[in-house]
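Quick one: the structure is below, questions incoming.
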Amino acid sequence: MKIILTAVNAKYIHSNLAVYTLQASAEKAGVFPEIREFTINQSKDSMLRSLFLAYADVVCVSCYIWNISIVEDLITEYHKISPETKIWLGGPEVSYHAEEMLEQYPFLDGIMKGEGEITFRELAVYYQNQENGTEGKTLEEIHGITYRDAEGAIKSNPWRPVMDLSEVDFPYANLKKFENRIIYYESSRGCPFSCSYCLSSIDKRLRFRNLALVKKELAFFLEQKVPQVKFVDRTFNCKKDHAMAVWKFIAEHDNGVTNFHFEIAADLMTEEELKLLNTLRPGLVQLEIGVQSTNPQTIEAIHRKMDFGRVTEIVNRIAKGRNIHQHLDLIAGLPYEDYDSFRRSFADVYALRPQQLQLGFLKVLRGSFMYEHTEKYDCHYQEREPYEVLYTKWLPYDDVLKLKDVEEMVEVYYNSGQFVHTLPMIERLYENPFDFFQELGDFYRAKGYSEAAHNRIQRYEILLEFLQDEKQQDEAFFRQMMVLDLYARENMKTRPRFAKDPSEWKNESRDFYQKEAETRTLLPSYTTYDWKQLQRMTHVEVFDYDVLGNGEKARTVLLFDYQKRDPLTGNAEMIDCSELFYA
């Protein structure tokens, strides 16, 4: 009996925790399914070829919001070339309309609903028993499935009771297949909150994996020095002693390499947790915080519990430590949030200066409270995944389009981390930073720039054009701010066209490096290098403005040390050497 577990991931770097967990569960019962992982960027032909040449008896596919259309196309074509193979689906994209899926696709044998570890194990054993002619559970006795019986009738069995999370088998015994990929890990299931747009709110049975087991598994990741472990717990810090135990453990066993990602509720953070987080190695932990909106009426309508004043306090406290990357989320298209309200929410969150600000759009998921109340909110959304909002009672489609432009500009000019010094200077031109991203998005659209791909330097040049044409700003000043950002990121091999001619300080630069090679005043760690090597390995730039201060006219010379970088931005350490340079 050959059983294939199939996943279609959004990116190669991603791995599918579900199929590996199901595989481990089945192996416990003596059934050994194979895994076939693809990405949404692969051709359908290559996926079909891989599945066909596996010559499987049963194929089970994991279905999510990012892959369901691809999965539907894939199984339709696969059934044509392998009509005898049993096809089962599972996952959040099919669990809540299983009968409808079986009616739509007559060749489907069944759907696994909800938690799949025990359900899949029993199903795998069922098929193995069929092949061996041995007795065991029938399909009628397996909870958590909707299936087609021998006569073709659709039958729906009861949902399976939730399991003890400590009974879930560890799927990462062999890490070779996860090289250069993110490791996903769960230490809890369920969520204490009831956010109306989220499927996690359906499962109120919050469960935690045994802490001794969690520590053992985290120790394995640390010993193997995996690059990143991403916890999929919906609200990691909802139970203080659990969160503290995990954070203390990774702090005590930090290998200097592994990064751990947690999704948290900031307003639940305690003083003890904050103190611990502030002691961690820079880069050990990153936090994702879902704000979604700062409109009180919106927060109430989506059944979310959040004190934004408290969130602000916590985010600022964490930021002061300069050791933890923070990722904050907003969702456009929620009830009672119109364009102006979202503009205010954006300004509130932007003021916290997270390392990443994700501007997302409401996705109306089957099974969620929002799905059941779309009529009330006059909420219209895409019929196909990702089921994204088109318009609501408060937000017309043309406003959604404008917010799409803002989202793109935020990704390019804020989340890229490539304009960290330039942006604050631009923001001084605006009452609300949202308006800058909106105007820049309009500029891209008007110039046709939004229709083409642009390299990094072109993004700078377009921004300069915008500032000159639309804002009539001092181009010389912003040119130099952008040169600062460029060299902060890397020692540019090719100097941008808008930068000053470095021959203006060629002699002073030579003298500076020769003296530095003798004294090692500013670069004490470069002990084995001569002055020419120092000049190649670092960079000196002369500015006409106080680029690290208020931007006023003042000759400033900065030395960029690329061996020392900011742990959050990745930017080189910048040393003001104005006095030494012209001494």
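Derivation of every value follows stated rules applied to the coordinates shown; laboratory data play no part. Everything numeric in this text was worked out from a predicted model, so none of it was measured. Here the Cβ positions follow ideal geometry from the backbone for every residue, glycine too, while neighbour counts run over all protein chains shown.
Please arrange VAL162, VAL214, VAL349 by how many other C-beta atoms lie within 10 Å of their C-beta, fewest to most.
Ascending number of Cβ neighbours within 10 Å: VAL162, VAL214, VAL349.
Pairing rule first: another cysteine's C-beta must sit under 4.7 Å. Under that rule, which cysteines of the chain stay single?
Flagged as lacking a Cys partner: CYS60, CYS63, CYS191, CYS238, CYS379, CYS577.
Multiplying the sequence separation of VAL232 and ASP340 by 0.36 nm and subtracting their Cα-Cα distance, what value in nm do you get?
Taking 0.36 nm per residue and subtracting the Cα distance, the gain is 35.6 nm.
By the gyration tensor of its Cα atoms, with a ≥ b ≥ c the square roots of the eigenvalues, what is the shape of the chain: rounded for a/c under 1.5, prolate for a/b over b/c, or oblate?
It comes out prolate by the Cα gyration axes.
What percent does the relative contact order of the range 399-498 come to when contacts are Cα pairs within less than 8 Å and at least six residues apart?
Taking the mean separation of contacting Cα pairs over the length of the range 399-498, I get 31 percent.
What does the extension gain come out to for GLU27 and THR138, with contour length at 0.36 nm per residue minus their alpha carbon separation?
Result for the pair: 38.0 nm of gain on full extension.
With a cut-off of at most 15 other beta carbons within 10 Å, and DSSP calling the residue loop, which trypsin sites (Lys or Arg not before Pro) in the range 121-214 qualify? Please list them.
When the trypsin sites (Lys or Arg not before Pro) of the range 121-214 are filtered for loop state and at most 15 Cβ neighbours within 10 Å, LYS137, LYS204, ARG205 remain.
FRET efficiency for ARG445 and GLU151, Cβ-Cβ distance as r, R0 = 60 Å, nearest 0.05?
That gives a FRET efficiency of 0.55.
Restricting attention to the range 329-420, which trypsin sites (Lys or Arg not before Pro) occupy a DSSP loop and are surrounded by at most 13 other Cβ atoms within 10 Å?
Those that pass, being in a loop and sparsely packed, are LYS376, ARG384, LYS393.
Same structure again: Got the relative contact order for the chain handy, in percent, Cα pairs under 8 Å and 6 or more residues apart?
Worked out over the chain, it gives 8 percent.
Which distance in Å, rounded to a whole number, links the C-alpha centroids of the range 445-498 and the range 307-346?
With the range 445-498 and the range 307-346 each reduced to a Cα centre, they are spaced 28 Å.
Next question, about the same structure. What distance in nm lies between label points placed 7 Å from Cα along the C-beta direction at GLU411 and LEU211?
4.1 nm
Here's another thing I want to ask about it. Give me the distance in nm between label points sitting 7 Å out from Cα along the Cα-to-Cβ direction at ASN455 and GLU375, one decimal.
For ASN455 paired with GLU375, the spin-label model returns 5.6 nm.
Here's something else I'd like to know. With the alpha-carbon atoms as the only input, what is the per residue convex hull volume for the range 182-395 in Å³?
Once divided by residue count, the hull of the range 182-395 is 114 Å³.
Please go through the range 488-572 and write out the GluC sites (Glu not before Pro) that DSSP classes as loop and that have at most 12 other C-beta atoms within 10 Å.
When the GluC sites (Glu not before Pro) of the range 488-572 are filtered for loop state and at most 12 Cβ neighbours within 10 Å, GLU552 remain.
Sorting check: for 431-444, 564-577, which peptide has the highest mean count of neighbouring beta carbons within 10 Å, and how do the rest follow?
Highest mean packing first, the order is 431-444, 564-577.
Hey, can you rank 125-132, 88-95 by average C-beta count inside 10 Å, highest first?
Going by the mean number of other Cβ atoms within 10 Å, highest first, we get 88-95, 125-132.
Report the calculated FRET efficiency for HIS303 and GLU271 (r = Cβ-Cβ distance, R0 = 25 Å), to the nearest 0.05.
Here the calculated transfer efficiency is 0.35.
Under the rule of at least 5 residues apart or a separate chain, name every residue whose amide H is placed under 5 Å from the amide H of LYS564.
Amide H neighbours of LYS564, under 5 Å, 5+ apart: GLU573.
Okay, moving on. Test of understanding: ordering ASP544, ASP109, ASP469 by Cβ neighbours within 10 Å, fewest first, what list do you get?
Result, fewest neighbours first: ASP469, ASP544, ASP109.
If R₀ is 30 angstrom, what is the calculated FRET efficiency for the pair LYS240 and GLU383, using the beta carbon separation as r and rounding to 0.05?
Computed FRET efficiency for LYS240 and GLU383 comes out at 0.10.
Taking amide H positions as placed in the peptide plane 1.01 Å from N, state which residues far from TYR184 in sequence (5 or more) or on other chains have amide H under 5 Å from it.
The list, which skips near neighbours in sequence, is LYS230.
I've got another one for you. How would you order 231-237, 300-306 from highest to lowest mean count of nearby Cβ atoms within 10 Å?
Top to bottom by mean Cβ count within 10 Å: 231-237, 300-306.
In terms of modelled amide H atoms, which long-range or inter-chain residues lie less than 5 Å from the amide H of GLN292?
It is ASP329, LEU330, ILE331, by chain and number.
What helices does the chain have that are whole DSSP H segments, at least 30 Å long along their own axis by Cα, and with mean Kyte-Doolittle hydropathy of -1.0 or more?
none
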